[in-house]
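K.L.:
Provided herewith is a single structure, encoded as structure tokens, for subsequent inquiry.
Only the coordinates and a few stated rules stand behind these numbers; no lab work does. It should be emphasised that the depicted structure is a prediction, and the values quoted were computed from it without experimental measurement. We place every Cβ from the backbone using ideal geometry, glycine too, and count neighbours over all the protein chains shown.
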Amino acid sequence: MNATTVAVTTVAVTTVAVTAVRAADRISPALAGRLALPLFRRVRPPLPVRPTDRAVHDHAERGTITVRGRDIATYAWGHGPETVLLVHGWRGRASQFGAIVRELRAEGYRVVAFDAPANGDSAGRRTDIRDYRAAIDELQRRHGMFRLIIGHSFGALAALTAVREGTATGGVVAIAGMADARYLVDSFAARVGIGRASADVLAREFARRVLPDIDEPYARFDAVADPLPADVPLLVVHDRGDREVAASESLRLHEAHGERSRLVLTDGAGHSRVLGVDPTLDAVTAFATGGLAALDVALRHNDAETVVRLPR
């Protein structure tokens, strides 16, 4: 079975499953929530490497780490004295950061990343935030304190959680990320077309089946109610037209971190292309090389199409 056949089959199966969930929502939120859980957890098929990122992907130092009993792919570029960690999103892969890798390598940083289980070149059918956390912990054990941790989408939530729970870094960059984990459930429910009652059941079922060992999981993964440590600065980047994660999530995240946060809003880049547009690359590079002071200078000289939120 080739990749095209797999993709078509997956779409067909998903369409049938969504129809069933919507039908159940009208008569039984409990049933709808349980039927929605497999869809909510689905990761495959893996995202292919984009042609523009192929060179970065192919020239990486490849490795493997074991995460919660499973081997996953790791990547490294450059040999600088300071290391930046990249954390991809749901149904993502490390190569999506290709443009950022090129910029940071040019500045002399070593850049490391991983493909979470069931993502990119890593095998598996399931993953969750515990796998991301374990991968971040293992890479910190190997590389020491990170100059920055840069997360995209779900990877931003994982990065924020890791740093709030003790991962050492000089700063966090959250690109197209969500401010808390409950947003994942509610946005999924909206896309599928089910109501609040069914979404509540889905949230409870996910917590019960996937995170039974974590008390109050949605509170644990809430970076607004529980922000980053006071000494960790934050750069937040989002495209205002993002259809996957609402830009309002980054506004919430930015406001929760006050004077140590900077926000860049772009136009026309969407959820994934925002990783490679000039305002993002300029801001990330400035933040990496000079912290908030250098970032403020870079943002004040940015073009008029970029909305920049600086401290008052």
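K.L.:
Considering only C-alpha atoms, what is the centroid distance from the stretch 27-46 to the stretch 74-115, in Å?
P.N.:
Centre-to-centre distance over Cα atoms comes out at 33 Å.
K.L.:
Pick from 198, 248, 122 the residue whose mean-square fluctuation is largest in a GNM of the chain, springs joining Cα atoms under 10 Å.
P.N.:
248
K.L.:
Applying 1/(1 + (r/R0)^6) with R0 = 30 Å to the Cβ-Cβ distance of residue 278 and residue 248, what FRET efficiency is obtained, to the nearest 0.05?
P.N.:
After rounding to 0.05, the efficiency reads 0.80.
K.L.:
I would also like to ask the following. Rounded, prolate or oblate: which fits the stretch 150-197 when a ≥ b ≥ c are the square roots of the eigenvalues of the alpha-carbon gyration tensor, with rounded for a/c under 1.5 and prolate only if a/b beats b/c?
P.N.:
Prolate, because a/c is 1.5 or more and a/b exceeds b/c.
K.L.:
Would you mind calculating the gained length between residue 55 and residue 255 on full extension (0.36 nm times residue separation, minus the Cα-Cα distance), in nm to one decimal?
P.N.:
Values: separation 200, 0.36 × 200 = 72.00 nm, distance 3.76 nm.
Here the answer is 68.2 nm.
K.L.:
What distance in nm separates the simple spin-label points at residue 16 and residue 71, each placed 7 Å from Cα in the Cβ direction?
P.N.:
For residue 16 paired with residue 71, the spin-label model returns 3.5 nm.
K.L.:
Let me ask you something else. What number does the chain give for Rg over Rh if you use C-alpha atoms and the Kirkwood radius?
P.N.:
Looking at the chain, the ratio lands at 0.96.
K.L.:
Given H placed 1.01 Å from N in the peptide plane, which residues other than close sequence neighbours of residue 65 have an amide H under 5 Å from its amide H?
P.N.:
72, 74
K.L.:
Could you list 218, 109 so that the one with the fewest beta carbons within 10 Å of its beta carbon is first and the one with the most is last?
P.N.:
Taking fewest neighbouring Cβ atoms as first place, the list is 218, 109.
K.L.:
Would you compute, from DSSP H runs of 4+ residues alone, the mean residue ellipticity of the chain at 222 nm, taking -39500 (n - 2.57) per run and dividing by the full residue count, rounded to the nearest 500?
P.N.:
-14500 deg cm²/dmol
K.L.:
If you don't mind, another one. Among 271, 301, 238, rank each residue by its count of other Cβ atoms within 10 Å, from fewest to most, as a rough exposure measure.
P.N.:
With the fewest neighbours first, 271, 301, 238 line up as 301, 271, 238.
K.L.:
Would you please put 189-197, 169-177, 76-84 in order of how densely packed they are, using the mean number of other Cβ atoms within 10 angstrom per residue and starting with the highest?
P.N.:
Those peptides, ordered most packed to least, come out 169-177, 76-84, 189-197.
K.L.:
For the stretch 88-125, list residues with backbone N below 20 Å from a point placed 7 Å from the Cα of residue 138 toward its Cβ?
P.N.:
Flagged as within label range: 88-96, 111-125.
K.L.:
Compute the distance in nm between two label points, each set 7 Å from the Cα along the Cα-to-Cβ direction, one at residue 64 and one at residue 102.
P.N.:
Placing both labels 7 Å along Cα→Cβ, they lie 3.1 nm apart.
K.L.:
Among 157, 234, 35, whose mean-square fluctuation peaks in a Gaussian network model of the chain (Cα, cutoff 10 Å)?
P.N.:
Judging by the Gaussian network model, the answer is 35.
K.L.:
Across all directions of projection, what mean area in square nanometres is found for the Cα convex hull of the stretch 90-141? Please list the in-between numbers first.
P.N.:
Numbers: hull surface 15.7 nm².
Here the figure is 3.9 nm², rounded to one decimal.
K.L.:
Most fluctuating residue of 29, 117, 51 in a GNM of the chain with Cα springs under 10 Å: which is it?
P.N.:
51
K.L.:
Follow-up question, since we're still on this one. What order do you get for 128, 213 when you list them from fewest to most C-beta neighbours inside 10 Å?
P.N.:
213, 128
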